[in-house]
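Structure first, then comments.
Taken together, the values in this text are just the output of simple stated rules run on the coordinates, not laboratory data. Everything quoted here is computed from the prediction, not taken from an experiment. Glycine also receives a Cβ, built like all others from the backbone with ideal geometry; neighbour counts cover every protein chain displayed.
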Amino acid sequence: MPIKSYLAHPHKGKKRYLEIALSDFKECEVLPAENEEILVVVTETESKKEEDELIAKLEALPSLKLLAMVSGFDTPKN
């Protein structure tokens, strides 16, 4: 199960719009920074394919300027 964290940089003045849009994805947990115009996004998906599909949807958000992965790992299913 891939679990990854990202820094999401919104377009100028679009932080709140991006936070709302990201919160709509069930695979995402969003934590807004209080002192910067960025969001911390943690994703959890069931497979690499699902992760790839989620990233494609995230990158298509009009309020998102840049999505930078901070860390990620994959826990194998037993």
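Of note:
- Residues of segment 44-63 with an amide N closer than 19 Å to a point placed 7 Å from the Cα of ILE3 along the Cα-to-Cβ direction: 44-52, 54-55.
- Histogram of C-alpha separations across segment 2-73, 5 Å bin width, %: 3, 18, 31, 28, 13, 5, 1
- Cross-link table LYS15/LYS49; LYS4/LYS65; LYS14/LYS48; LYS26/LYS65; LYS4/LYS26, entries beyond 25 Å C-alpha to C-alpha: LYS15/LYS49; LYS14/LYS48
- Applied to segment 46-56, the Karplus parametrisation 6.51 cos²θ - 1.76 cosθ + 1.60 on θ = phi - 60° returns per-residue 3J(HN,Hα) values of 8, 7, 4, 4, 5, 4, 4, 5, 5, 4, 4 Hz, with x for Gly and Pro.
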